[in-house]
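A.B. asks: Encoded as structure tokens, here's the structure I'll be asking about.
Bear in mind these aren't lab numbers, they're just calculated from the coordinates by the rules spelled out. Quick caveat, the model's predicted, so the values are computed rather than measured. As a convention, Cβ positions derive from the backbone with ideal geometry for all residues, glycine included, and neighbour counts pool all protein chains shown.
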Amino acid sequence: MATLRLMTSDVEAGSSQVAGGLTPSSICAEIADWAHLHWRADLSLVEWRTLLAQAGWSAPSWPRRWHGRGWPAWADDVVSDELVRLGTPGNPVGAGMNLAAPTILEHGPDDVRERFLLPTLQGEVTWCQLFSEPGAGSDLAGLSTSAVLDGDEWVVSGQKVWNTSAHHADLGILVARTDWSAPKHKGLTYFVLPMRQPGVTVRPLRQMNHHSSFNEVFLDEARIPRDWVVGRVGDGWSVALTTLAFERRFSSRMRPKFVEAPGRALDEARVEVEHHFETYKWYPQRAGRVDLLVPQARAAGRACDSVVRQGIARALSMQSIAQWTAARAQAARALGRAPGAEGSVGKLAASNLARECARVHALIAGAHGALMGADAPLDGIVAEVLMSVPGQSIAGGTDEIQKNILGEKMLGLPREPAVDAGLPFNQTRRNV
């Protein structure tokens, strides 16, 4: 136990108090006592995460039947932070814990929960998301990848695109069309797709910022077991909306922290995190790098330029507003509320901030901002920002889609007219 740090949460006792006297301090004390008895430096990462799941520490807000403790949503963050302070690894990073598992938990059915939740908690499987298509991005319900039932298997054919981590995922969360005679939102089904099979081909996409984080996935009569359906057949759209709501939190891109301590599980967790976040190494540039505006202005000798200072002040103000929006969403989650329209507010705020940062970076650097290499402004980071920021307004749902969501859900505005409303999908015009 020499490597185990025993520290309590800095959240004051009595805050977030619920029935039964559960508080952040009481949770921290309980998990510290438990960790004293179970943590060993020679445990593998899977062995440690298995112990966490068995004790309900992996996702304490989940029901007890599904490896949780039935606690409020805020307990998840308390436990996650305390595991860091104790010097032990926590949950796996990536789409498994952030998208697949919470969606499966919410929609089931039980046999799917039993099959996939525990392996995901233990980090035994990795996941990717297979939603967008070349002809169905913002209009996701217009997708044309088909799934046809053939005995005890679904046969899937089509193409997906912008699939992060598909090149090393074991499983994919897939939305495909199972009923072409139903309206486009009604004929979809949500599947778990085994990625490592002959019918699945993954090809990386080369981006204009010289990274290759996304893939296109070709499905040529890929096979899915009949009962690997999340929710119900034909109800895939409502299930997909749950995943999209979780996606807008962007929690999959939060890098875990580790204390400097020996241990096999810690070493394996560090390798896992480095491997996962290699895909996302350009994402700070996509967000605009507000942190580099002041250093760049000083390095360029423009820190006293009134126009530059105004731009920097505006960007920093927008950053604070975005952080307050994120805190509001976190508070809603702590109260146990389902993901809602606040995710769209935060997504729009992030897009606006990224664009403002790109504008100010270009203002400071001028034409030199287009240069790459060691002699370019900020060693070429400014150029990477300018090339990457447009992606912020597209990923996770375009700005236009977020505005529609806010207009309809928050402001009560009527939906945009849909010329294909109620029509069978096989009778509608669509992108091909």
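A.B. asks: Within the chain, what's the longest run with no GluC sites (Glu not before Pro) in a DSSP loop and at most 11 other beta-carbon atoms within 10 Å? Give the range, please. Each step should come with its number before you reach the end.
C.D. replies: Values: sites that count: GLU12, GLU260, GLU278.
Answer - 13-259.
A.B. asks: Here is a further query. How far apart, in nm, are the 7 Å Cα→Cβ label points at GLU416 and ASP291?
C.D. replies: 3.6 nm
A.B. asks: Kindly write out, for region 61-70 in residue order, the coupling ³J(HN,Hα) from the Karplus curve 6.51 cos²θ - 1.76 cosθ + 1.60 (θ = phi - 60°), rounded to whole Hz, with x marking Gly and Pro.
C.D. replies: Ordered by residue, 3J(HN,Hα) equals 7, 6, x, 4, 4, 10, 6, x, 10, x Hz.
A.B. asks: Could you give the length gained by full extension between SER157 and ASP235, i.e. 0.36 nm per residue of separation minus their alpha carbon distance, to one decimal place?
C.D. replies: On the way: separation 78, 0.36 × 78 = 28.08 nm, distance 1.93 nm.
Gain in length upon complete extension: 26.2 nm.
A.B. asks: For a label point 7 Å from the Cα of VAL271 along Cα→C-beta, name the residues of region 122-157 whose backbone N is under 20 Å from it.
C.D. replies: 122-127
A.B. asks: Can you tell me the FRET efficiency between LEU37 and VAL259 if r is taken as the Cβ-Cβ distance and R0 is 25 Å, rounded to the nearest 0.05? Walk me through the intermediate numbers first.
C.D. replies: Values: r = 19 Å, r/R0 = 0.78.
So the FRET efficiency works out to roughly 0.80.
A.B. asks: Sticking with this structure for a sec: Once fully extended, how much extra length lies between LEU149 and ARG115, figured as 0.36 nm per residue of separation less the alpha-carbon to alpha-carbon distance?
C.D. replies: Working: separation 34, 0.36 × 34 = 12.24 nm, distance 2.06 nm.
Extra length from LEU149 to ARG115 when fully extended: 10.2 nm.
A.B. asks: Could you work out how far apart the two model spin labels at GLU30 and ARG64 are, taking each label as a point 7 Å from the Cα in the direction of the beta carbon, and quote it in nm?
C.D. replies: According to this spin-label approximation, the distance is 1.1 nm.
A.B. asks: Taking Cα centroids, how far is region 118-170 from region 283-361 in Å?
C.D. replies: Measuring centre to centre over Cα atoms gives 32 Å.
A.B. asks: Once the principal axes of the Cα atoms of the chain are found, what is the range along each, listed largest first in whole angstroms?
C.D. replies: Per principal axis, max minus min of the Cα coordinates gives 70, 59, 44 Å.
A.B. asks: Computed FRET efficiency, Cβ-Cβ of SER80 and LYS403, R0 30 Å: what is it to the nearest 0.05? Present the calculation step by step, with values, prior to reporting the outcome.
C.D. replies: Working: r = 32 Å, r/R0 = 1.08.
So, using R0 = 30 Å, E works out to roughly 0.40.
A.B. asks: Determine the gain in length on full extension of the stretch GLU278-ALA374; use 0.36 nm per residue of separation and subtract their C-alpha separation, reporting nm with one decimal. Please report the intermediate quantities before stating the final value.
C.D. replies: On the way: separation 96, 0.36 × 96 = 34.56 nm, distance 2.12 nm.
So the extension gain works out to 32.4 nm.
A.B. asks: Another one. So, in Å, what gap is there between the alpha-carbon centers of region 376-426 and region 45-79?
C.D. replies: Between the Cα centres of region 376-426 and region 45-79 lies a distance of 34 Å.
A.B. asks: Still on this model: Using a Cα-Cα cut-off of under 20 Å, which lysines could be cross-linked to LYS281, ignoring same-chain neighbours fewer than 8 residues away?
C.D. replies: Qualifying lysines at Cα under 20 Å: LYS257, LYS347.
A.B. asks: Efficiency by 1/(1 + (r/R0)^6): what FRET value for GLN197 and ARG314, r their Cβ-Cβ distance, R0 = 51 Å, to the nearest 0.05?
C.D. replies: 0.50
A.B. asks: Can you show me the helix-derived [θ] at 222 nm for the chain, built from DSSP H runs with n ≥ 4 at -39,500 (n - 2.57) apiece and divided by the number of residues, rounded to the nearest 500.
C.D. replies: Details: 13 runs with 168 residues, N = 432.
Taking each H run of at least 4 residues, the total per residue is -12500 deg cm²/dmol.
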